[in-house]
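What follows is one structure encoded as structure tokens, with my remarks underneath.
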Amino acid sequence: MMSSDSTSTHLVFLLLLLLGCLHLETIKLTSGNEDLNVGCVEKDRKVLIEFKEGLNDPSGWLSSWVGEDCCRWRGIGCNKKTGRVIKLDLTNPLCIYQLFYTEEGDTQVFNMSCLSGKINPSLLLLKHLNYLDLSMINFGGISISEFIGSLENMKYLNLSNACFAKKIPPHLGNLSHLHYLDLHGQSNVCDFYGIYADNLKWLSGLSSLKHLDMGNVNLSKVGADWLQAFTMLPPSLSELHLPRCRLDSLPISLPFVNFSSSLSVIDLSGNNFNSSLPLWLLNISSLANLNLSGSSLRGPIPDAFVDMISLQELDLSDNPFKVGEIPRTLGTLCKLKSLYLFHTNITGEITEFVDSLSGCTNSSSLEMLDLGGNQLSGHLPDSLGHLKKLTSLQLARNSFWGSIPASIGSLSFLKELDLSINPMNGTIPESVGQLSELVMLYLFDNSWEGIISEVHFLNLTRLEQIVISLTSPKKSLVFNARNEWIPPFSLKSIQMENVQTGRSFPAWLRTQKELVEIHLNNVGISDIVPDWFWKLPDIMFLNLSNNQIRGTLPSWMKLPDIEYLDLSNNQIRGTLPSWMNFSNAYEVYLSSNLFSGPIPVNIGETMPRLVVLDLYGNFLNGSIPYSIGKLKNLATLILSNNQFSGELPGFWKGLQSLQMLLLNNNNLDGELPSSLRNCTKLDTIDLGENRFSGIVPKWIGESILSLSILRLRSNLFSGNIHRHLCHLSNLRILDVANNTLSGVVPHCLGNLTALVSGSYNYSYLLNEIILVVAKGGVLEYSDTRVGLVRSIDLSNNNLTGEIPEEITGLLRLQTLNLSMNGLTGKIPEKIGNLKKVETLDLSKNQLSGSIPQSLSSLTFLTHLNLSHNNLWGKIPSGNQLQTLTDPSIYEGNQALCGPPLVAKRLEEPSQGPPSIEDKDDENGSAMLWFYISMALGFIVGFWGVCGTLLIKKTWRHAYFRFFDNMKDRLFVIIAVNVTRLKRKMALVRNQGGG
């Protein structure tokens with residue numbers, strides 16, 4: 001045994017040895033730190049300065065490129081020992097944000113955030129450069145520089161979304177050390193065609209490649225053998241991304257599959273293969289991620305997926321597969337983590353599929369399941385609760401019904417649950433409250449019933465978004481929460497529609513300090529909005545519409561971050577004071593309330609970003625503020641149904657983004673300002689029910705060619721209907737009724753393309769309301785229904801002349817109203833060509849002739865009025881006319897006969913046009929005197945003649961002798977005429993036979 005002294009000696013020795021090692025390590029680390037202090041090489045710094053001079057930097061992204069040590073500059077990486085530049089990364093995160101949130105063609109914001117310019121060839125002098133990222137720089141359509149293929153040490157090259165154009169240089173094939181190559185094509189802010197390749201042989205030179213992304217690169221010129229070039233890539237390749245490359249062929253079979261054993265990701269989404277799913281893909285044993293979404297695949301989903309034992313992510317979304325059920329074998333892919341079958345035409349129930357997933361050994365690995373946008377139906381199975389690892393469950397846009405199974409509470413990892421847009425008509429179980437990881441809960445557009453209580457949110461501590469709505473406004477779902485309830489979550493967004501939350505304003509919202517979005521639409525609130533609500537700090541989207549909210553808005557109210565505000569359809573009163581200073585607001589809806597007074601005169605300065613302003617249906621008055629003309633982005637201006645007065649200001653020149661102008665039902669007057677012609681994007685103009693005067697300007701048909709709705713009804717316009725209106729090929733509603741227009745109905749109205757053919761238009765806004773006189777009344781069209789209307793109303797003017805034959809070519813026309821004018825001539829014989837017409841009103845004109853038989857072929861006709869004209873003859877019968885039995889349709893046409901006027905005209909079967917005397921007899925008083933005088937004449941005539949014959953015998957003999965002589969003469973005349981007629985007929989027959 002070892003003594004204690006010996007043990008101590010050994011311990012001391014080990015301790016000294018350990019300290020020595022630590023000392024040596026310290027020396028080593030110190031030596032390493034000396035290397036870290038090595039600055040960049042001067043010649044590399046000069047190259048970078050020269051490179052910078054070729055770039056534009058409006059955002060100051062390269063502001064750190066000053067000083068001697070370039071290794072400390074943003075985006076520069078150096079070798080720690082030599083100080084040589086080995087990395088150049090100019091990726092700007094702000095640019096990436098703009099890429100996703102900038103509309104196509106809107107380059108101004110993008111260019112103010114991102115670098116632009118040219119690539120200086122001086123980069124070739126950076127001999128040690130092996131990492132180059134120039135993504136998101138706007139190179140303005142130049143080609144990729146060939147010299148990049150000479151950077152022989154390059155291992156990482158990213159040129160994605162950099163607005164390159166033209167052909168990819170094959171010199172890139174010289175980069176034999178390259179591991180990562182990203183040539184993803186142009187972004188949505190590039191206004192030219194992107195890069196393309198007509199040959200892919202250069203790929204064979206990339207012998208070290210691991211990752212290749214050529215998304216959005218045009219490969220349509222490569223030909224049908226494009227796939228062979230990619231099969232020859234090196235065994236090191238693990239990811240291949242070819243989305244949206246305009247590929248139109250995908251071979252069903254290959255003589256051999258030469259893809260490497262390490263290939264784990266294939267993305268061929270967004271192409272147009274128009275073929276079935278190839279089975280050779282299933283033979284790539286290493287494949288873990290397969291994305292074929294939106295590639296026009298067809299046929300069935302093959303059961304052979306069961307052999308892909310390594311598959312972890314499968315995305316077949318947005319393909320028009322043959323309608324069929326989910327392959328049961330997909331459920332045996334126990335390593336599958338993500339399955340996306342969105343919008344793939346699958347049908348049936350998912351019970352067996354979910355059961356097979358839950359039957360995997362050691363439970364299913366599935367984390368993401370998206371079956372949305374299909375035709376699946378039935379109850380959701382209890383076996384959903386067996387998919388323990390699910391983090392996202394997407395079942396929206398199907399036909400599921402019933403309740404959510406209580407087993408849903410077992411999905412303890414679930415972060416996103418989406419059951420929206422289904423006809424689910426059951427209850428939401430309390431077990432939802434056990435989903436402690438849930439972040440997003442989407443249950444909108446269903447038919448839920450029952451009660452949601454505090455228990456439903458008991459453990460939802462991570463919840464950030466709630467979206468619950470019912471398709472019906474009946475509020476069959478009640479959200480029951482106490483005023484003193486303190487929720488466990490901190491929401492960023494809450495959206496509820498057609499859910500009953502109670503009359504009082506939800507007091508629990510006061511506890512939510514991170515709210516950005518609040519939508520409480522039609523939830524039964526009839527309270528005054530409490531002051532604390534207007535102090536919520538970060539609200540950007542607020543919708544309290546369709547309630548019965550009362551009171552006024554406080555003068556101190558400020559919503560500095562508000563972008564969307566909708567308080568429409570409530571009972572809020574008071575003026576619009578200076579609190580309307582929402583400098584970030586894009587859309588403001590205050591319609592259908594009790595607001596009064598004028599619009600703030602400085603509205604153009606206080607809300608400069610405004611795109612939509614809707615003040616419909618209030619009691620606002622005064623003139624329209626001139627500052628509205630400063631709203632350069634204004635697209636929709638709705639001031640209808642108020643009490644505005646005065647002339648329209650001439651500020652329209654600056655509103656070139658304006659698409660919708662609704663000013664109807666006010667007290668506006670004067671002529672239309674000529675500056676309105678500058679609003680060339682206008683789609684809808686409604687100036688009806690005002691006192692505008694003058695002629696209808698011809699510049700409407702010259703400058704505003706995108707116009708689809710023109711409503712000038714009930715004003716004081718005069719003059720002719722100018723033929724320039726016929727240039728409006730998109731016009732589908734033309735209403736100039738109730739004015740003092742004169743002249744003829746233009747023949748060229750038959751050229752209105754949108755009324756002849758053309759597809760239906762759908763309004764992009766939900767607040768457009770258009771009034772159309774049709775079917776005997778005033779109909780209100782709103783939302784997307786406006787796009788379904790096709791109407792011409794020229795009624796109650798002073799128009800003359802005939803109805804042009806060309807108007808019968810408007811095959812999509814639904815309403816034609818020409819009543820209360822001075823139109824003459826006949827109803828066009830081809831009126832039956834208007835197959836879509838539902839309302840036809842030609843009443844109170846001076847039309848003559850018979851009613852065309854083709855009228856009976858109008859099978860959609862539900863309202864007809866031909867009254868008070870000079871029409872004659874028999875009323876056509878058959879088809880839809882049989883259902884129009886109201887005699888008033890034809891009243892005031894004295895010479896018409898037939899149903900529904902049979903009873904009235906039984907003793908007057910006149911078949912000819914009425915005389916002038918007959919027309920004068922329309923007066924009831926004249927008819928009465930006519931019958932009285934006829935009765936008196938009968939009495940005097942009868943007793944004056946017959947009484948005398950009874951008294952004087954000689955007169956009686958002479959009278960009967962006279963009638964005997966008349967009878968003989970009449971017989972002779974008839975006999976002679978009959979003989980002549982027979983001779984003529986015989987002569988005609990003889991001539992015909994010859």
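The values are calculated or read from the model by the stated rules, or taken from the named source; none is laboratory data. Treat the numbers as computed from the prediction; the structure is a model and nothing was measured. For neighbour counting, all protein chains shown are included, and Cβ atoms are generated from backbone atoms with ideal geometry for every residue, glycine included.
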> In segment 752-798, how many are modelled with pLDDT of 80 or more and of a type in the set (Lys, Arg)?
Replying inline: 1
> In segment 113-126, is there at least one residue being surrounded by 14 or more Cβ atoms within 10 Å (Cβ to Cβ), at pLDDT below 90, farther than 23 Å from residue 148 by Cα and not basic (Lys, Arg)?
Replying inline: yes
> Picking from 106, 35, which residue would you name as being modelled with pLDDT under 90, more than 28 Å from residue 173 (Cβ to Cβ) and not assigned by TED's automatic domain parsing to the domain that holds residue 184?
Replying inline: 35
> Restricted to segment 331-341, and to residues that are buried (at least 21 other Cβ atoms within 10 Å of the Cβ) and part of a loop (DSSP other than H, G, I, E, B), which residue is farthest from the chain's Cα centre (by Cα)?
Replying inline: 333
> If only one of 408, 468 is aliphatic (A, V, I, L, M), under 23 Å from residue 524 (Cβ atoms) and in contact with a Leu (Cβ under 7 Å, 6 or more places away or on another chain), which one is it?
Replying inline: 468
>> I'd like to check something: does segment 431-446 contain any residue that is of a type outside the set (S, T, N, Q) and over 29 Å from residue 364 (Cα atoms)?
In response: yes
>> Suppose we filter segment 805-847 for residues that are within 15 Å of residue 746 (Cα to Cα), within 34 Å of the chain's Cα centre (by Cα) and of a type in the set (Val, Ile, Thr); how many remain?
In response: 2
>> Could you tell me how many of the residues in segment 617-640 are of a type outside the set (A, V, I, L, M, F, W, C) and crowded, with 22+ Cβ neighbours inside 10 Å?
In response: 3
>> I'm trying to understand the selection: among the residues of segment 489-539, which are part of a helix (DSSP H, G or I) and either out of contact with any helix residue (DSSP H, G or I) (no Cβ under 6 Å at 6 or more places or on another chain) or buried (at least 19 other Cβ atoms within 10 Å of the Cβ) (or both)?
In response: 507, 508, 509, 511, 531, 533, 534, 535
>> Given the options 693, 703, 718, 729, name the one that is over 25 Å from residue 615 (Cα atoms), surrounded by fewer than 22 Cβ atoms within 10 Å (Cβ to Cβ) and more than 32 Å from the chain's Cα centre (by Cα).
In response: 718
> Out of 807, 770, which single residue is in the same structural domain as residue 687 (by TED's automatic domain parsing), over 18 Å from residue 686 (Cβ atoms) and buried (at least 23 other Cβ atoms within 10 Å of the Cβ)?
Replying inline: 807
> Tally time: how many residues in segment 153-191 are over 41 Å from the mean Cα position of the chain (by Cα) and either part of a helix (DSSP H, G or I) or at pLDDT below 90 (or both)?
Replying inline: 5
> For segment 51-80, what are the residues that are of a type in the set (D, E, K, R), closer than 16 Å to residue 129 by Cβ and either more than 48 Å from the chain's Cα centre (by Cα) or not assigned by TED's automatic domain parsing to the domain that holds residue 131 (or both)?
Replying inline: 80
> Residues of segment 422-445 being under 21 Å from residue 500 (Cβ atoms) and either aliphatic (A, V, I, L, M) or touching a Gly at 6+ places or on another chain (Cβ under 9 Å) (or both), which ones?
Replying inline: 424, 425, 426, 427, 428, 429, 430, 432, 433, 441, 443
>> Going through 441, 387, 414 one at a time, which residue ends up being at pLDDT below 95 and either touching a strand residue (DSSP E or B) at 6+ places or on another chain (Cβ under 8 Å) or farther than 22 Å from residue 349 by Cβ (or both)?
In response: 387
>> Among the residues that make up segment 654-663, is at least one of them surrounded by 19 or more Cβ atoms within 10 Å (Cβ to Cβ), at pLDDT 95 or above and on the phi > 0 side of the Ramachandran plot?
In response: no
